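Shown next, in structure tokens, is the structure this report addresses.
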Amino acid sequence: MDRRTWLTTSAVGTVSVLGGCVGGRTWSDTPPESGSEAAEWPEVAVHTTISGDEFDDVFSFEGAVDQPPTDDTPPQIELGVRNDGDDTYEVQLPYPYPWRSYGGEHTDEDAEIHLVPADTEKLYADPDEDQPDEWVPELPADGCWTAQTESRPVWPDVGYPTVELDPGEQKGGTVTVLSSPINDECFPRGTYTFPDDWLRIVRPEEAELDLGLDIDVIDPE
């Protein structure tokens with residue numbers, strides 16, 4: 001089975017600008033005006049994969065760094081699924097598009113990162129845990145963009161909505177990346193892997209594609 005992987009990296013002090021879709025971006029070498037120069041924020045890289053027989057060449061699953069971590073802004077990434085084919089497809093996608101697995105586990109140590117989608121209206125925490133009033137903190141805590149609760153946000157266990165994707169159309173969204181309160185340090189460096197998600201094609205024929213996501217947190221060069 002063919003697999004395609006996209007990689008985008010955000011260097012500290014660089015900001016990406018949306019160019020109409022996740023894959024189309026313009027990078028600026030101008031550092032933000034605000035923020036402490038003494039803070040050594042990590043770089044963040046997004047790896048996405050998509051696999052699914054003959055539809056590997058029809059659909060793309062791409063990720064890009066939308067906003068690097070600074071003293072004033074938490075890291076954010078964009079994720080999107082695009083129809084690169086010539087036909088309109090009806091597909092079932094996670095919501096907010098196109099991802100619903102919000103907890104990443106470090107591959108080598110006991111550490112986690114949390115994803116918080118921009119649309120948080122229906123998110124909830126474990127019913128035995130306190131749900132924060134706001135999932136994303138306004139400021140870093142002790143110099144770190146840390147999640148407000150150890151319990152990761154959860155999307156309701158409902159069926160994925162069916163949407164149409166016309167040729168060239170993309171469904172995507174922004175998610176904020178936060179270090180878990182269980183971590184011994186801020187954003188422990190390494191690779192974080194997420195449970196696979198999927199894209200189901202309903203019409204004109206039925207098929208299912210696997211979506212994969214890893215996030216690297218690395219020291220700046």
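Values in this text are rule-based calculations from the coordinates and carry no lab data. Bear in mind that the values here come from a model prediction, so they are computed numbers and not experimental data. No Cβ is skipped: glycine too gets one built from the backbone with ideal geometry, and neighbour counts run over all protein chains shown.
How large is ³J(HN,Hα), in whole Hz, for each residue of the range 195-201 in order, when computed from phi with the Karplus curve 6.51 cos²θ - 1.76 cosθ + 1.60 and θ = phi - 60°, using x for Gly and Pro?
x, 4, 10, 8, 10, 9, 8
Quick query: amide H of Gly143 versus all other amide H atoms, modeled in the peptide plane; which residues come in under 5 Å with a sequence gap of 5 or more or a different chain?
Amide H neighbours of Gly143: none.
If you average the sequence gap of Cα pairs under 8 Å that are 6 or more apart and divide by the length of the range 43-218, what percent do you get for the contact order? Before the final figure, lay out the partial values.
Numbers: 433 pairs, mean separation 59.3, N = 176.
Dividing the mean separation by the residue count of the range 43-218 yields 34 percent.
Using θ = phi - 60° and the Karplus relation 6.51 cos²θ - 1.76 cosθ + 1.60, list the HN-Hα couplings for the range 183-188 in order, rounded to whole Hz, with x at every Gly or Pro.
After applying 6.51 cos²θ - 1.76 cosθ + 1.60, I find 6, 6, 9, 7, 6, x Hz.
What are the extents of the Cα atoms of the range 50-107 along their three principal axes, in Å, largest first?
That gives 45, 24, 19 Å along the principal axes, largest extent first.
Between Val154 and Asp142, how many nm apart are label points set 7 Å from Cα along the C-beta direction?
Going by the 7 Å Cα→Cβ label model, 2.7 nm.
Using θ = phi - 60° and the Karplus curve 6.51 cos²θ - 1.76 cosθ + 1.60, what whole-Hz ³J(HN,Hα) does each residue of the range 203-217 get, with Gly and Pro shown as x?
Rounded to whole hertz, the list is 9, x, 9, 9, 6, 9, 10, 8, 10, x, 9, 10, 10, 9, 10.
Let me spell out the model: positive unit charges on the Cβ of Lys and Arg, negative unit charges on the Cβ of Asp and Glu, origin at the Cα centre of the range 43-218. What dipole size does that give, in debye rounded to 20?
260
Are there any GluC sites (Glu not before Pro) in the range 81-150 that are in a DSSP loop and have at most 10 other Cβ atoms within 10 Å? List them by number. Please report the intermediate quantities before stating the final value.
Values: sites: Glu90, Glu105, Glu109, Glu112, Glu121, Glu129, Glu134, Glu138, Glu150; in loops: Glu109, Glu121, Glu129, Glu134, Glu138, Glu150.
Answer by residue number: Glu121, Glu134, Glu138.
Per residue and in cubic angstrom, what volume does the convex hull of the Cα atoms of the range 142-202 have?
Looking at the range 142-202, the number lands at 148 Å³ per residue.
Below 11 angstrom from the Cβ of Arg82, what's the summed charge of the other residues (Lys, Arg +1; Asp, Glu -1)?
Details: positive: Lys171; negative: Glu62, Asp84, Asp166, Glu169.
The answer is -3.
Between beta-carbons, use under 9 Å as the cut-off and find the net charge around Val46, counting Lys and Arg +1, Asp and Glu -1.
Surrounding charge for Val46 is -4.
May I ask you to compute the full-extension gain from Asp216 to Asp133, defined as 0.36 nm times their residue separation minus their alpha-carbon distance, rounded to one decimal in nm?
Residue separation times 0.36 nm, minus the Cα-Cα distance, leaves 27.0 nm.
Between His47 and Asp110, what is the label-to-label distance in nm when each label sits 7 Å out along the Cα-to-Cβ direction?
So the two model labels end up 2.5 nm from each other.
So what is the orientation-averaged projected area of the range 43-218, using the convex hull of its C-alpha atoms, in nm²?
Averaged projected hull area, Cα only: 10.3 nm².
Could you state, as a whole-number percent, how many of the C-alpha pairs of the range 180-221 are farther apart than 14 Å?
The answer is 65 percent, as a whole percent.
Would you calculate the separation in nanometres between label points at Arg200 and Asp57, each defined as 7 Å from the Cα along the Cα-to-beta-carbon direction?
2.7
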